[in-house]
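Participant: Have a look at this one.
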Amino acid sequence: MLETARLLLTPLTLEEDAAALFAIQSDPVVMRYWNHAPWTDLVQARDAIVADQAAQADGTLWKLGIRERDSGALVGTCMLFAVERDSRRGEIGYNLAASAQGKGYMTEALDGFIRHLFTVRGLRRLEAEIDPRNAASAKLLLRLGFQQEGLLRERWVVDGEISDSALYGLLAEDFQRARPAA
């Protein structure tokens, strides 16, 4: 578990989180720039949690639910995946319920998550891939110190729509220089 001023980042559980995760990932606003269409059935959330738990057990994924500290409500997720241990790098992904957007939650959550990945887990580089039309996500990554490093044209087809991917990278030394520990 990771803690920030207003949030708790904890593993997802099948019993407690399936309905809230489904609500987040079935929302077309939240999923507009994701790499799959919005979910249409609660079973998809349950299956995803089970698959994520298996991937976490074998070390290929670390996914945490973002919860409001006061209420405990699940408002989003952040994850580390595609880890290359020898290179000490991995990719992050994240999403946030529409009702929680605009409150600075994702900046706060990712600041704590990234800090942990660099200082505790010993990664030296993180990457993120976003739809370049997602201006809010691009601003978030830049605010956290990421730099846009490339563009993959027509990378995804989601629900019949073709989209590009903007690639962002962040080095541990750049993050620590830009966002020193409080």
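Participant: Compute the signed sum of charges (Lys and Arg +1, Asp and Glu -1) over the other residues within less than 13 Å, Cβ to Cβ, of Ile66.
Facilitator: Residues near Ile66 contribute 0 overall.
Participant: If you add up the charges near Val30, with Lys and Arg at +1 and Asp and Glu at -1, over every other residue whose beta carbon is less than 15 angstrom from its beta carbon, what do you get?
Facilitator: Cβ neighbours under 15 Å give a net charge of 0.
Participant: Rounding to the nearest 20 debye, state how big the charge dipole of the chain is about its Cα centre with +1 on each Lys and Arg Cβ and -1 on each Asp and Glu Cβ.
Facilitator: 720
Participant: If each of Met1 and His36 carries a label point 7 Å out from its Cα toward its Cβ, how far apart are those two points in nm?
Facilitator: 2.9
Participant: Size of the chain along its principal axes in angstrom, Cα-based, largest extent first?
Facilitator: Taking the Cα atoms of the chain, the three principal extents are 43, 39, 34 Å.
Participant: So, one more: Net charge around Ala51, counting only other residues with Cβ within less than 14 Å of its Cβ (Lys, Arg = +1; Asp, Glu = -1)?
Facilitator: -2
Participant: Just want to confirm a number: the relative contact order over the range 1-129, from Cα pairs under 8 angstrom separated by 6+ residues, in percent.
Facilitator: Once divided by the residue count of the range 1-129, the mean separation gives 25 percent.
Participant: Nearest 500 deg cm²/dmol is fine: what mean residue ellipticity at 222 nm does the chain get from its DSSP H runs of n ≥ 4 alone, each adding -39,500 (n - 2.57), divided by its residue count?
Facilitator: -10000 deg cm²/dmol
Participant: Still on this structure, I have one more. Give me Val43, Val83 sorted ascending by neighbouring Cβ count inside 10 Å, so fewest comes first.
Facilitator: In increasing order of surrounding Cβ atoms, one gets Val43, Val83.
Each value in this text was obtained by applying a stated rule to the coordinates, not by laboratory testing. Predicted model only: the values in this text are computed from it and were never measured. Note that each Cβ is placed from the backbone with ideal geometry, even for glycine, and that neighbours are counted across all protein chains shown.
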